[in-house]
Amino acid sequence: MTGSAASPLLKVNGLTVQIGNGRPVDQVSFEIRPGETLALLGESGCGKSMTALAVMRLLPPAARLSGGTVDYLSAGNARPLLSLTEAEMRSVRGGGIGMIFQEPSTSLNPVMSIGRQIEEVLLLHRGLQGDAARRRARELLESVGLPEAERRLDEYPFQLSGGMKQRAMIAMALAGDPELLIADEPTTALDVTIQAQVLELLKTLQRERNMGMLLITHDLGVVERMADHVGVMYAGQLIEVAPREQFFANPAHPYSRKLFAALPERARHGQRLSTIPGRVPPLDTQHVGCRFAPRCSVAFPDCSTLEPGWHAQAGGQEVRCHLFDPARPCMPTLNTPLPTEPQQTAPAVAASPLLQVQDLKVHFPIRKGLLQRTVGHVSAVDGVSFELQAGRTLALVGESGCGKTTVGKAILQLIAPTAGSVRLGGVELTALSGAALQPLRAQAQMVFQDPFASLNPRLRIGTIIAEGMHALGQRAHVAERIAELLEQVGLRADMATRYPHEFSGGQRQRIAIARALAVNPKLIICDEPTSALDVSVQAQIINLLLELQDKLGLAYLFITHNMAVVDYIADDVAVMYKGRIVEIGSADAVLGKPQHDYTQSLLSAAFTRMRGAA
């Protein structure tokens with residue numbers, strides 16, 4: 001990869017990771033210079049996170065480094081990371097190289113307060129302790145937009161929302177003032193306004209410290225804003241590298257072009273998104289020829305037998321694809337536009353609402369003292385009202401902590417409402433006991449924000465999906481139904497025997513969606529269902545949700561911070577701020593001509609191309 005004249009800060013050459021007979025990272029090479037950002041793109045399972053873990057020497061026990069070199073060059077001193085002792089690597093991790101992990105729920109220590117975890121880094125790498133360390137920890141939390149930073153220092157991870165945990169993880173990674181930052185999906189759980197703040201913070205720190213960055217993300221809007229160079233990975237290999245401007249102006253590899261075609265803002269509302277057929281091959285696949293050939297719409301016979309080499313293009317772009325081999329002039333070209341999916345028919349709207357929420361309130365008590373007396377209340381949800389009809393999608397948007405998830409849980413009576421009415425199919429849910437509620441559980445399900453925390457780590461995937469069916473007395477053809485659901489969400493039927501920890505974040509999200517669909521509900525509350533997914537799988541899931549809605553008349557309460565997905569999937573939009581809905585209406589009205597200042601700020605913070613944008 002061609003870069004600037006400055007010496008590299010990180011130099012990776014031929015990095016290879018072995019798991020059994022498979023190579024989840026195979027001959028990967030790249031360089032990152034001070035002040036430069038390299039973004040890695042690709043679907044879940046392509047090897048992006050494994051590459052980062054290999055650089056940091058944090059591979060899981062089943063994986064081993066089988067080739068290549070990783071050199072960290074600090075102040076002219078080259079340190080071969082793959083040859084360092086574990087004690088030497090501890091001085092590099094967090095200090096020289098910081099890392100923001102993809103899953104904050106598993107990377108934060110559940111039995112240590114947030115402040116203490118940050119102060120550990122400050123003591124080890126900056127020599128700060130006591131009041132000085134606490135002041136610096138508070139400053140770091142404030143810098144990443146965590147509200148009430150002083151109070152959060154004494155809280156534990158389970159007391160924070162998904163977005164708050166992600167921000168705490170970012171603060172911890174920055175605590176050691178690293179020269180190089182590896183950011184693995186650093187903004188996945190963040191709403192657009194906090195995402196803008198965090199990315200601006202990272203860019204500011206990068207400018208001030210001349211910090212290099214390896215950015216792993218599935219958000220092309222973030223890549224366009226942050227990256228200097230882009231690397232596209234597929235099945236363990238880099239298949240395209242290019243400067244950011246060249247990549248966005250002319251993505252070369254057929255796989256890269258498919259990723260762009262899957263973006264929701266690139267399709268008309270009501271039309272199915274373009275998807276990539278098939279799936280990323282398993283880790284133990286013995287590859288022959290081009291790894292993308294089985295899924296490529298322009299593949300020809302040689303692609304299945306001959307491995308492609310690198311071919312340089314204009315503007316510093318390089319692509320690993322036979323189509324760009326000048327020695328093969330009589331081959332298919334990429335000039336043909338990518339096919340679009342057939343138009344969908346809009347579902348009929350029922351005369352009466354399926355869900356009616358009226359003046360819903362959820363207040364949490366504040367307890368103090370030895371006897372834990374209630375001294376006040378926090379109004380998490382404060383008078384929310386809306387209706388949702390069968391066959392329609394209402395998007396609920398707003399910043400982390402505004403009460404969106406609490407609304408969803410209160411509707412399902414997973415949290416007892418303080419006041420208000422929730423009617424599902426004309427039945428008042430707030431008046432029912434647990435036993436009386438059980439038959440109605442089949443009508444309304446929820447896809448939770450954190451798939452790892454919502455899946456029982458001791459149960460196999462098939463058992464997890466079948467739990468709801470067994471609890472509601474649906475015991476016929478369970479095995480066949482599990483296989484069908486796994487295939488529907490883009491997984492293989494034989495994965496039913498695996499455990500949650502054996503899957504990537506995106507795959508766990510698909511399992512959570514399959515579990516929600518298992519009991520054939522009429523209403524699904526989707527809490528950030530696509531936040532952990534790359535764009536190709538996101539397109540599959542959105543298409544699946546729309547197909548099910550069209551076929552079954554499902555209603556969706558879609559909680560998300562992805563405004564491009566809202567623009568594509570929503571019929572109506574409700575904007576929440578501090579426990580209240582401040583604007584509600586059709587998607588055309590709210591997104592096209594927002595009236596409230598807060599709605600306008602949300603839309604202005606979105607990086608993806610919205611309707612009406614250039």
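The values are calculated or read from the model by the stated rules, or taken from the named source; none is laboratory data. Keep in mind that what you see is a predicted model, and the values were worked out from it rather than measured. As a convention, Cβ positions derive from the backbone with ideal geometry for all residues, glycine included, and neighbour counts pool all protein chains shown. The protein model used for the area step is the full one, side chains on, heavy atoms only, and it has no ligands, DNA or RNA in it. Shrake-Rupley method; radii C 1.70, N 1.55, O 1.52, S 1.80 Å.
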**Asked** Does the stretch 151-167 contain any residue that is open to solvent by less than 10 Å² (accessible area, probe 1.4 Å) and under 24 Å from Val28 (Cβ atoms)?
**Response** no
**Complete:** Checked the stretch 515-526 for anything among the small types (Gly, Ala, Ser) and either in a loop (DSSP other than H, G, I, E, B) or surrounded by 24 or more Cβ atoms within 10 Å (Cβ to Cβ) (or both); matches are Ala518
**Asked** What single numbered condition from (1) among the hydrophobic types (A, V, I, L, M, F, W, C); (2) at pLDDT below 95; (3) more than 27 Å from Met563 (Cβ to Cβ) fails to hold for Ile239?
**Response** (2)
**Fill in**
Selection from the stretch 35-45 of residues modelled with pLDDT of 90 or more and out of contact with any helix residue (DSSP H, G or I) (no Cβ under 7 Å at 6 or more places or on another chain) yields Glu36, Leu38
**Request:** Might you let me know whether the stretch 2-24 holds any residue that is at pLDDT 90 or above, open to solvent by less than 20 Å² (accessible area, probe 1.4 Å) and farther than 29 Å from Ala75 by Cα?
**Result:** yes
**Message:** Checking the structure you have, find out if any residue of the stretch 317-334 is at pLDDT below 70 and of a type in the set (Ser, Thr, Tyr).
**Reply:** yes
**Message:** Step by step: first the residues of the stretch 459-500, then only those that are among the acidic types (Asp, Glu) and within 23 Å of Ile542 (Cβ to Cβ), then the one that is surrounded by the fewest Cβ atoms within 10 Å (Cβ to Cβ). Which residue is that?
**Reply:** Glu487
**Complete:** Being out of contact with any helix residue (DSSP H, G or I) (no Cβ under 8 Å at 6 or more places or on another chain), crowded, with 19+ Cβ neighbours inside 10 Å and of a type outside the set (S, T, N, Q) narrows Glu88, Glu31 down to just Glu31
**Item:** Scope the stretch 397-425; condition within 18 Å of Glu583 (Cα to Cα) and open to solvent by 30 Å² or more (accessible area, probe 1.4 Å); matching residues
**Value:** Glu399, Ser400, Gly401, Thr405
**Prompt:** Looking at the stretch 527-609, what helices (runs of 4 or more DSSP H) fall wholly within it and have at least 3 residues that are farther than 28 Å from Leu424 by Cβ, among the acidic types (Asp, Glu) and open to solvent by 10 Å² or more (accessible area, probe 1.4 Å)?
**Reply:** none
**Request:** Answer yes or no: is there a residue in the stretch 62-84 that is free of Cβ contacts under 8 Å to residues at least 12 places away in the same chain, assigned to a helix (DSSP H, G or I) and over 23 Å from the mean Cα position of the chain (by Cα).
**Result:** yes
**Prompt:** Somewhere in the stretch 434-443, is a residue touching a residue at least 60 places away in the same chain (Cβ under 8 Å), more than 30 Å from Leu190 (Cα to Cα) and among the small types (Gly, Ala, Ser)?
**Reply:** yes
**Request:** Could you grab the pairs with beta carbons closer than 7 Å, sequence gap of 6+ or different chains, first residue in the stretch 543-563 and closer than 16 Å to Pro264 by Cβ, second one of a type in the set (Phe, Trp, Tyr) and not in a helix (DSSP H, G or I)?
**Result:** Leu545/Tyr556; Gln549/Tyr556
**Asked** Which of the residues spanning the stretch 366-381 are surrounded by fewer than 20 Cβ atoms within 10 Å (Cβ to Cβ) and assigned to a strand (DSSP E or B)?
**Response** Ile366, Arg367, Lys368, Arg373, Thr374, Val375, Gly376, His377, Val378, Ser379
**Request:** Mind listing just one residue for me: the one in the stretch 426-443 that is among the polar types (S, T, N, Q) and out of contact with any Ser or Thr (no Cβ under 9 Å at 6 or more places or on another chain) and, of those, surrounded by the most Cβ atoms within 10 Å (Cβ to Cβ)?
**Result:** Gln443
**Request:** Please indicate, with yes or no, whether at least one residue in the stretch 41-57 is within 16 Å of Met99 (Cβ to Cβ) and part of a loop (DSSP other than H, G, I, E, B).
**Result:** yes
**Message:** Just to verify a result, which residue in the stretch 91-109, among those that are assigned to a helix (DSSP H, G or I) and of a type in the set (S, T, N, Q), is nearest to Asp450 (Cα to Cα)?
**Reply:** Ser105
**Request:** Among the candidates Gln313, Gln343, Gln358, single out the residue that is at pLDDT 90 or above, open to solvent by 60 Å² or more (accessible area, probe 1.4 Å) and more than 17 Å from Ser256 (Cα to Cα).
**Result:** Gln358
**Item:** Residue selected from the stretch 382-395 under the condition under 17 Å from Ala444 (Cβ atoms) and part of a strand (DSSP E or B), by the criterion most open to solvent (accessible area, probe 1.4 Å)
**Value:** Glu387
**Request:** Kindly establish whether Val111 is crowded, with 18+ Cβ neighbours inside 10 Å and closer than 26 Å to Pro186 by Cα.
**Result:** no
**Message:** Against the condition on the phi < 0 side of the Ramachandran plot, at pLDDT 90 or above and of a type outside the set (Val, Ile, Thr), how does Met213 come out, does it pass?
**Reply:** yes
**Prompt:** So how many residues does the stretch 444-458 have that are out of contact with any strand residue (DSSP E or B) (no Cβ under 6 Å at 6 or more places or on another chain) and surrounded by 14 or more Cβ atoms within 10 Å (Cβ to Cβ)?
**Reply:** 6
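Residue by residue, here is whether (1) of a type outside the set (A, V, I, L, M, F, W, C); (2) closer than 28 Å to Leu160 by Cα; (3) in contact with a strand residue (DSSP E or B) (Cβ under 9 Å, 6 or more places away or on another chain) holds:
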residue	(1), (2), (3)
Ala419	no, yes, yes
Arg423	yes, no, yes
Leu432	no, no, no
Pro439	yes, no, no
Ile461	no, yes, no
Glu467	yes, yes, no
